[in-house]
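Supplied in structure tokens, the structure appears directly below.
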Amino acid sequence: MAVIFLIIGLFIALLGCIVWRFERTDLLSNVDQTRVTDKKGLAGWAGKWLLALSAAAFATGIVSASVTTERGQLITCIAFILSSQLLIVVYLAGLRRYTK
């Protein structure tokens, strides 16, 4: 399971870098491009939060690799779900600054 979280983290980090560095906000499915007021700001905001989400996935993968019990694996997964949902809520709350 650790490898899965590391692969997920790598994919999300790649997506975050592409959005942030190349300002590819069209890759964000939850953003209506016609309503964007500050594309550069949106790209920075979304890219940073995607990188934060990838850090959570990487951390979960590392912790999952060191936990050997089934209960520990379950707690690790629950912690990832809760932390990722918190990061997504903060991302969505800040998204309103860059759209009309």
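The values are calculated or read from the model by the stated rules, or taken from the named source; none is laboratory data. Given the structure is predicted, the values throughout are model-derived calculations rather than measurements. We place every Cβ from the backbone using ideal geometry, glycine too, and count neighbours over all the protein chains shown.
What do you reckon, is Val3 outside any helix (DSSP H, G or I) and more than 14 Å from the chain's Cα centre (by Cα)?
No: the conditions fail for Val3.
The conditions are (1) buried (at least 16 other Cβ atoms within 10 Å of the Cβ); (2) part of a helix (DSSP H, G or I), and Asp26 fails exactly one of them. Which is it?
The number of the failed condition is (1).
A further question on this structure: Can you tell me which condition Ala59 does not meet? The list is (1) farther than 20 Å from Leu14 by Cβ; (2) of a type outside the set (Asp, Glu); (3) out of contact with any Cys (no Cβ under 9 Å at 6 or more places or on another chain), and all the others hold.
Condition not satisfied by Ala59: (1).
If you take the residues of the range 39-66 that are more than 25 Å from Gly94 (Cβ to Cβ) and in contact with a helix residue (DSSP H, G or I) (Cβ under 6 Å, 6 or more places away or on another chain), which of them is surrounded by the fewest Cβ atoms within 10 Å (Cβ to Cβ)?
Checking each candidate, the answer is Ala65.
For the range 18-41, give me each residue that is modelled with pLDDT under 90 and among the small types (Gly, Ala, Ser).
Ser29
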